[in-house]
Amino acid sequence: MTSQLNVDTIVDKAGSGGTNVKIGNTSTYVGEGGSGTQNTVQGLAKSWITFTSASSFTNHDSLNVSTLTDSGAGYGTVTMSNVMGSIYHTVHSTSNDENAHAGSGSHTTANYQLFSKNSSHTLTDTSSQYGTVHGDLA
């Protein structure tokens, strides 16, 4: 027989507010329409960043990023605080420049590179570049 717990709010033992909820690597959720289950941890982004490469190289916001390095015009190298389990993870990139092509260069378990090119396919700085990593953390 399975158990079910129905609650509106989970709070800490003192009853003073929110709490940290930990889930295991095998936790699953039911997909849209109840069609199947998916692993919750596998579906989470392991790193993301939004940064400016134009005029001043600035990390605006990020998750699991220890450093952002200006690697040249339109090119940034992101070093993660917590490394990936292998080099077989995905890196996605985009920018807000409608004439730019954004992409990712080589990556290791510890870092990944993001770039932006103009319509002439020349590396170019943009006001906002974005990157996301999916895969398994070490």
Options 129, 38, 113: the member that is in contact with a strand residue (DSSP E or B) (Cβ under 7 Å, 6 or more places away or on another chain) and free of Cβ contacts under 8 Å to residues at least 12 places away in the same chain: 38
Residue within the range 12-33 that is acidic (Asp, Glu) and out of contact with any strand residue (DSSP E or B) (no Cβ under 8 Å at 6 or more places or on another chain) present: yes
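Can you work out which of the residues in the range 90-107 that are exposed (fewer than 15 other Cβ atoms within 10 Å of the Cβ) and in contact (Cβ under 8 Å) with a residue 24 or more places away in the chain is nearest to residue 39 (Cα to Cα)?
90
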Filter result (closer than 30 Å to residue 138 by Cβ and either at pLDDT 85 or above or under 22 Å from the mean Cα position of the chain (by Cα) (or both)) within the range 1-20: 20
Segments classed as strands (runs of 3 or more DSSP E), wholly inside the range 21-138, with at least 2 members that are under 13 Å from the mean Cα position of the chain (by Cα) and aliphatic (A, V, I, L, M): 75-80
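The values are calculated or read from the model by the stated rules, or taken from the named source; none is laboratory data. Computed from a predicted structure; not experimentally measured. Ideal geometry is used to build each Cβ from the backbone, glycine not excepted, and the neighbour counts take in all protein chains shown.
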